[in-house]
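A.B. asks: Please read through the structure below; I'll follow up with questions.
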Amino acid sequence: MLSLSNTVLAERWSRLRGEKPALRIRDAATTLGVSEVELVALGLGATATRLDGDWRALLAALPSVGRVMCLTRNEHCVHERRGRFEEVEVSGPQGLVLGADIDLRLFLDHWKFGFAVREPLKDGDRLSLQFFDGAGEAVHKIYAVDDTDRAALDGLIARHAVAVPSALAVAPRPAEKPDRLDHQVDVEGLRRAWRALTDTHEFFGMLRRLEIGRVQALRLAGDEFARELPPRALRSAMEAAAADKTPIMIFVGSPGCIQIHTGPIERLVDTKGWFNVLDPAFNLHLQESGVARVFAVRKPTNDGVVTSIEAFDRHDRTILLMFGARKPGKPELQPWRSIVSHLEKQVTS
C-alpha cells in the first residue's frame, strides 16, 4: 500500500501522464521535482520488483538471457545498443562487459537501487532491469527484446527479488568540486605529463593527479593536444563517418556506466531537436542544444597518436567521446584522422 505522500505523488504523476502521454519518466521526474527512482518505486507490487543488490551475481547471469538492449544516458545523450552479454568480469566496485556487441565499463559503487520493471503496452509488457544511483538517477537499463529468453530473465528476476523492500533512501548528489583557477594550474607540467602518456586510459588518472578538470585541461594544453571546434562539429564528424563508412567508437556515460558502440553508423535522422543514429543494433539520441563545447583531442600512446572528438555541456560535463574504431596494438584509422583534420581546417580557414 502506498504511503500518503506516495499516493499524492502517484496522483500527480497520473495527472501529468494524462496531460503529456509521451513524456519520458526522466522528464516527468524533473517536472514533479522528484527522482526517477521514486516514480519507478510507486509501481512496487504491480509494475516494479525491487532487486536485492547482488550486482555481481545478477551480471554474471545475464549471458543466459540472450539478446537484450542496453541503455545508458546522461542529460543530453542516450546510447542504446542491442546484443548479448558475453564476457562479464566484476572486481570489487569495477565491472567490465565485453562482447561482439555489448561493451560496458561499470562503476558499481554508484549502483544503489535496482528494479525489474514491467510496463504495460498495447502489444504486451515491456520488461527491463533498471539501476539507479543514490540520488535516484538511472545509471543503466537493460531491456528485453523479441529474441530475449524471457523465461531465463524471469528466473533471474525471481532469484534477486526482494520480498519486503525497505524504504528508498534517496540523497541529493554532492555538489561538484569546482576547477582550480586557471592561473593556479602548472600548464607546462600538464603538457609534460600529456606528452608522457602511453595509453588513452592514463588520461583520467593524469587529470586527477594534477587536479585539473577535463575541459580545463583541453583549454589550457594548447593546439599540440586540443583544439576547440564549434558545437556543430560533433554532428559533422558523425555525418562524415557515415558518408564514408568509417567505423567509429562512441562512448556515452552516466555516473555508474560507460557504454560503447564500435562500428560504422549509417542512418542519421533529425527529430524535434534531437540528432539521431537509427541503425538496427545501435541507436544514439543527441540533444544538440545541450552541446556547449567540442574539442578535437590528441593523446600519445604506444600505438601512435589517438584522436578523439569530445563534447561537453555548459557545466563542462562530458556528453560523449568519439574515436576511430581500433584495438590495442593497432594504429589509428587514417580515415578517422582525416575527418578530424578536415574539421580543424574548417575552423582555421
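The values are calculated or read from the model by the stated rules, or taken from the named source; none is laboratory data. Computed from a predicted model, the values in this text were never measured in an experiment. All Cβ positions, even for glycine, are placed from backbone atoms using ideal geometry, and neighbour counts span all protein chains on display.
A.B. asks: Right, Ala135: surrounded by 14 or more Cβ atoms within 10 Å (Cβ to Cβ) and modelled with pLDDT of 95 or more or not? I'd like the intermediate steps shown before the answer.
C.D. replies: Numbers: surrounded by 14 or more Cβ atoms within 10 Å (Cβ to Cβ): yes; modelled with pLDDT of 95 or more: yes.
The answer is yes for Ala135.
A.B. asks: Looking only at residues that are basic (Lys, Arg) and farther than 20 Å from Lys112 by Cβ in segment 1-33, which one is nearest to the chain's Cα centre (by Cα)? Before you say what the answer is, go through the steps one by one.
C.D. replies: So in segment 1-33, the residues basic (Lys, Arg) come out as 12, 15, 17, 20, 24, 26.
With farther than 20 Å from Lys112 by Cβ added as a condition, the list becomes 12, 15, 17, 20, 24.
Values: Arg12: 29, Arg15: 30, Arg17: 26, Lys20: 26, Arg24: 17 Å.
For segment 1-33, the residue satisfying everything is Arg24.
A.B. asks: Given the criterion within 21 Å of the chain's Cα centre (by Cα), surrounded by fewer than 18 Cβ atoms within 10 Å (Cβ to Cβ) and among the acidic types (Asp, Glu), identify the matching residue among Glu36, Glu86, Glu80.
C.D. replies: Numbers: Glu36 fails: surrounded by fewer than 18 Cβ atoms within 10 Å (Cβ to Cβ); Glu80 fails: surrounded by fewer than 18 Cβ atoms within 10 Å (Cβ to Cβ).
After ruling out the rest, the residue left standing is Glu86.
A.B. asks: Now, a different point. From the list Ala144, Ala135, Ala169, Ala217, which residue is in contact with a Lys or Arg (Cβ under 9 Å, 6 or more places away or on another chain), without any contact (Cβ under 8 Å) to a residue 60 or more places away in the chain and hydrophobic (A, V, I, L, M, F, W, C)?
C.D. replies: Values: Ala144 fails: without any contact (Cβ under 8 Å) to a residue 60 or more places away in the chain; Ala135 fails: without any contact (Cβ under 8 Å) to a residue 60 or more places away in the chain; Ala217 fails: in contact with a Lys or Arg (Cβ under 9 Å, 6 or more places away or on another chain).
Criteria check complete, one pass: Ala169.
A.B. asks: Criterion first (assigned by TED's automatic domain parsing to the domain that holds Glu188, outside any helix (DSSP H, G or I), buried (at least 16 other Cβ atoms within 10 Å of the Cβ) and modelled with pLDDT of 95 or more) does Arg227 satisfy it? Lay out the reasoning, then the answer.
C.D. replies: Numbers: assigned by TED's automatic domain parsing to the domain that holds Glu188: yes; outside any helix (DSSP H, G or I): yes; buried (at least 16 other Cβ atoms within 10 Å of the Cβ): yes; modelled with pLDDT of 95 or more: yes.
Against the criterion (assigned by TED's automatic domain parsing to the domain that holds Glu188, outside any helix (DSSP H, G or I), buried (at least 16 other Cβ atoms within 10 Å of the Cβ) and modelled with pLDDT of 95 or more), Arg227 qualifies.
A.B. asks: Applying the selection to segment 293-338, what residues are acidic (Asp, Glu) and assigned to a loop (DSSP other than H, G, I, E, B)?
C.D. replies: Just the residues of segment 293-338 that are acidic (Asp, Glu), to begin with: 303, 310, 313, 316, 332.
Correct list: Asp303, Asp313, Asp316, Glu332.
A.B. asks: For segment 60-73: of the residues being surrounded by fewer than 21 Cβ atoms within 10 Å (Cβ to Cβ) and touching a helix residue (DSSP H, G or I) at 6+ places or on another chain (Cβ under 9 Å), which is farthest from Ala144 (Cα to Cα)? Steps first, please.
C.D. replies: Going residue by residue through segment 60-73, those that are surrounded by fewer than 21 Cβ atoms within 10 Å (Cβ to Cβ) are 60-61, 63-64, 66-67, 69.
Among the residues that remain, those that are also touching a helix residue (DSSP H, G or I) at 6+ places or on another chain (Cβ under 9 Å) are: 61, 64, 66.
Details: Ala61: 14, Ser64: 13, Gly66: 9 Å.
Of everything passing the filter in segment 60-73, Ala61 is farthest from Ala144 (Cα to Cα).
A.B. asks: What tally of residues in segment 180-214 results from selecting those that are assigned to a helix (DSSP H, G or I), farther than 26 Å from Pro331 by Cα and touching a residue at least 12 places away in the same chain (Cβ under 8 Å)? First the steps, then the outcome.
C.D. replies: Taking segment 180-214 first, the residues assigned to a helix (DSSP H, G or I) are 182-184, 187-195, 202-210, 214.
The next check asks that each one be farther than 26 Å from Pro331 by Cα; those that pass are 182-184, 187-189, 208-210.
Okay, now just the ones that are also touching a residue at least 12 places away in the same chain (Cβ under 8 Å), so 182, 187, 189, 209-210.
Adding up the residues that qualify gives 5.
A.B. asks: Let me ask something else. Can you tell me how many residues within segment 252-264 are crowded, with 23+ Cβ neighbours inside 10 Å and hydrophobic (A, V, I, L, M, F, W, C)?
C.D. replies: Matching residues across segment 252-264 total 2.
A.B. asks: Then there is this: Would you point out the residue of segment 246-272, among those that are of a type in the set (S, T, N, Q) and in a strand (DSSP E or B), that is modelled with the lowest pLDDT?
C.D. replies: Step one: list which residues in segment 246-272 are of a type in the set (S, T, N, Q), which gives 246, 254, 259, 262, 271.
With the extra rule that they be in a strand (DSSP E or B), the set shrinks to 254, 259, 262, 271.
On the way: Ser254: 97, Gln259: 98, Thr262: 97, Thr271: 92.
Per the criteria, the residue is Thr271.
A.B. asks: Across segment 141-174, what is the total count of residues that are assigned to a loop (DSSP other than H, G, I, E, B) and closer than 28 Å to Leu42 by Cβ? Explain how you work it out, then say what you get.
C.D. replies: Initial filter on segment 141-174 (assigned to a loop (DSSP other than H, G, I, E, B)): 149, 162-174.
Then keep just the ones that are closer than 28 Å to Leu42 by Cβ; that gives 162-174.
Residues in segment 141-174 being assigned to a loop (DSSP other than H, G, I, E, B) and closer than 28 Å to Leu42 by Cβ: 13 in total.
A.B. asks: Another question, if that's okay. For a quick check of your reading of the model, give me the residue pairs whose first member lies in segment 290-306 and is of a type outside the set (A, V, I, L, M, F, W, C), whose second is part of a strand (DSSP E or B), with beta-carbon atoms closer than 7 Å and at least 6 apart or on different chains.
C.D. replies: Partner pairs satisfying both residue conditions: Gly290/Ile319; Arg293/Glu228; Arg293/Phe312; Arg298/Thr307; Lys299/Val306.
A.B. asks: State whether the residues of segment 70-92 include one that is of a type outside the set (D, E, K, R) and either out of contact with any strand residue (DSSP E or B) (no Cβ under 9 Å at 6 or more places or on another chain) or part of a helix (DSSP H, G or I) (or both). Even if it seems obvious, please write down each step before you answer.
C.D. replies: Taking segment 70-92 and keeping what is of a type outside the set (D, E, K, R), we get 70-72, 74, 76-79, 83, 85, 88, 90-92.
Checking the rest, the ones that are also either out of contact with any strand residue (DSSP E or B) (no Cβ under 9 Å at 6 or more places or on another chain) or part of a helix (DSSP H, G or I) (or both) come to 91-92.
Checking segment 70-92: at least one residue is of a type outside the set (D, E, K, R) and either out of contact with any strand residue (DSSP E or B) (no Cβ under 9 Å at 6 or more places or on another chain) or part of a helix (DSSP H, G or I) (or both).
A.B. asks: Which of the residues that make up segment 89-116 are crowded, with 18+ Cβ neighbours inside 10 Å and either among the acidic types (Asp, Glu) or in contact with a helix residue (DSSP H, G or I) (Cβ under 6 Å, 6 or more places away or on another chain) (or both)?
C.D. replies: Of everything in segment 89-116, those that are crowded, with 18+ Cβ neighbours inside 10 Å and either among the acidic types (Asp, Glu) or in contact with a helix residue (DSSP H, G or I) (Cβ under 6 Å, 6 or more places away or on another chain) (or both) turn out to be Gly95, Asp101, Asp103, Leu108, Trp111, Phe113, Phe115, Ala116.
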